[in-house]
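A quick write-up on the structure given underneath.
The values are calculated or read from the model by the stated rules, or taken from the named source; none is laboratory data. Small disclaimer: the values here were computed from a predicted structure and weren't measured. Note: ideal-geometry Cβ built from the backbone for every residue, glycine included; neighbour counts use all protein chains shown.
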Amino acid sequence: MNRLASIKILLVIVSIAMFSCGDDETSIDGTTDGGEQTSAPGGAYIITGSETSFTAAKGGKTVGTASQSIQTVIDAIRTHAAGGDVFIQFGDGTDVLDVGKANVTFSGSGWGTITLLGRITSAVLSGTSAASFTTGTILLDGGVSLNSKADIENTNTTIGIAVHNRSTGTANISGGAVSGVYFAVYNHSAGEVNISGGALSSTASAVYNWAGGKITVSEPTSTKTVISSRASEGTICNFGASSVLEITGGTITGGVYAINNKRTGIVNISGGNISTDNRYAVFNGGGGAVNISGGIISSAGNSSSGYGFAVWNYGAGEVNISNGTLSSTRGISVLNESTGVVNISGGTVTTDSGRAVSNASTGEVNISDGTVSAINGGYAVYNFSTGIITITSPPAVITGNVYP
């Protein structure tokens, strides 16, 4: 072969390589650069079947024995992978894998990194009470962790949980639609849940942090995170006495509560858009702490519910606001209801015709910086009872009526 022909062949090879590296290239984790779920990558375990009979295949070859229960198939994948990383796709890429009243459990040793793709639904009963919830469509136990971009659903109308992290492992959800009639995600113990993409929804709380674990909600630039619920206990409920909820991004909407820090846990908000059209966007119900350093927090009251509250410090807890935008329509943007403390050192707190900041009892409110304002005859600052409000202005900017 002469030199000119060799050069031509080389140019063809280079051009083919360049053409195959476009912006929408599917990566090894089965997603495009935009973070959307796609088909499983090469080498994935693909599970097909329905109700009680399932088969896993890899590279077109059956793994284990065909036509088995869903858990037998999962265990066969663990044995076959021999500790290696696995991609597991539920369904053929089009149809939903219906496992009936069964569930999928990842537990014990022998697992590498697990990544879930595809679509799965179950009607398994997850338990009878919060302390005794035992399962979910996907159950993590024994310290196992996983990554999920899958659509995961639980349709049990009594108590249905889609993703249940029962132990000390970590569940990373970066895509897919996750929904449960009771909870979309339930963090039962000291484990972690990281939500960085996808759409989570439930008729009860979409995300529930039961014990001393940590939940983080974020929204990287390549993804979208939406969490919604109309539940009376909160779209995200931080229940445990030492539970931590970290919100750096995403859209969280609620009915009665968007965020409910129910006991003595900690909630840190540095970004995202948190709102309710009924009552409380952020509710600090016990002796816990809510720290707000960014984000948009808003509440709109309506004719049936009355006032809307962006932040309500209900008990003996503490709310610290150093940045962010807080607003209310037909309501109170920041309410200190009882003996707790509210410190405002920055950010913007506004209301239209209600009260921007209100101290309703014997608690303490300190405004050292930031902008607090009310329009349409509303009150920027309102001290309703015998509590103490301390305003340092300047640097704080107070616009509107102040009472008394």
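Within the range 246-305, can you find the residues that are in contact (Cβ under 8 Å) with a residue 40 or more places away in the chain, of a type in the set (A, V, I, L, M, F, W, C) and touching a Gly at 6+ places or on another chain (Cβ under 6 Å)?
Selection gives 247, 269, 292.
Whether any residue in the range 173-196 is touching a Pro at 6+ places or on another chain (Cβ under 7 Å), surrounded by fewer than 24 Cβ atoms within 10 Å (Cβ to Cβ), closer than 28 Å to residue 285 by Cα and touching a residue at least 24 places away in the same chain (Cβ under 8 Å) is what I want to check.
yes
Looking only at the range 159-201, how many residues end up being polar (S, T, N, Q), out of contact with any Leu (no Cβ under 6 Å at 6 or more places or on another chain) and under 19 Å from residue 132 (Cβ atoms)?
4
Would you please name the residue that is surrounded by the most Cβ atoms within 10 Å (Cβ to Cβ), looking only at residues in the range 307-321 that are in a strand (DSSP E or B) and in contact (Cβ under 8 Å) with a residue 40 or more places away in the chain?
Taking the candidates together, the pick is 313.
Quick check, is residue 388 out of contact with any Cys (no Cβ under 6 Å at 6 or more places or on another chain), at pLDDT 95 or above and surrounded by fewer than 17 Cβ atoms within 10 Å (Cβ to Cβ)?
Yes; evaluated as a whole, the condition is true for this residue.
Only one residue in 109, 69 is surrounded by 13 or more Cβ atoms within 10 Å (Cβ to Cβ), more than 25 Å from the chain's Cα centre (by Cα) and among the hydroxyl-bearing types (Ser, Thr, Tyr), so which one is that?
Exactly one residue qualifies, and that residue is 69.
Return yes when residue 131 is more than 22 Å from residue 43 (Cα to Cα) and either among the β-branched types (Val, Ile, Thr) or at pLDDT 95 or above (or both) and no when it is not.
No, not satisfied.
Select from the range 198-214 the residues that are buried (at least 24 other Cβ atoms within 10 Å of the Cβ) and not in a loop (DSSP other than H, G, I, E, B) and list them in ascending order.
Answer for the range 198-214, where residues must be buried (at least 24 other Cβ atoms within 10 Å of the Cβ) and not in a loop (DSSP other than H, G, I, E, B): 198, 200, 202, 207, 208, 209.
Scan the range 124-147 and give yes if some residue there is in a strand (DSSP E or B), within 21 Å of residue 75 (Cα to Cα) and not hydrophobic (A, V, I, L, M, F, W, C), otherwise no.
Yes, because at least one residue in the range 124-147 is in a strand (DSSP E or B), within 21 Å of residue 75 (Cα to Cα) and not hydrophobic (A, V, I, L, M, F, W, C).
Return yes or no: is residue 373 closer than 23 Å to residue 269 by Cβ, part of a strand (DSSP E or B), touching a Leu at 6+ places or on another chain (Cβ under 6 Å) and not aliphatic (A, V, I, L, M)?
no
Within the range 222-254, how many residues are modelled with pLDDT under 95, part of a loop (DSSP other than H, G, I, E, B) and closer than 18 Å to residue 184 by Cα?
6
Please go through the range 255-271 and pick out each residue that is within 9 Å of residue 245 (Cα to Cα) and assigned to a strand (DSSP E or B).
Hits for the range 255-271 are 261, 266, 267, 268, 269.
State yes or no: is residue 383 within 36 Å of the chain's Cα centre (by Cα) and either among the charged types (D, E, K, R) or surrounded by fewer than 17 Cβ atoms within 10 Å (Cβ to Cβ) (or both)?
For residue 383, the condition - within 36 Å of the chain's Cα centre (by Cα) and either among the charged types (D, E, K, R) or surrounded by fewer than 17 Cβ atoms within 10 Å (Cβ to Cβ) (or both) - is not met.
Given the structure, is residue 304 hydroxyl-bearing (Ser, Thr, Tyr), under 23 Å from residue 252 (Cα atoms), modelled with pLDDT under 95 and surrounded by fewer than 17 Cβ atoms within 10 Å (Cβ to Cβ)?
Yes, satisfied.
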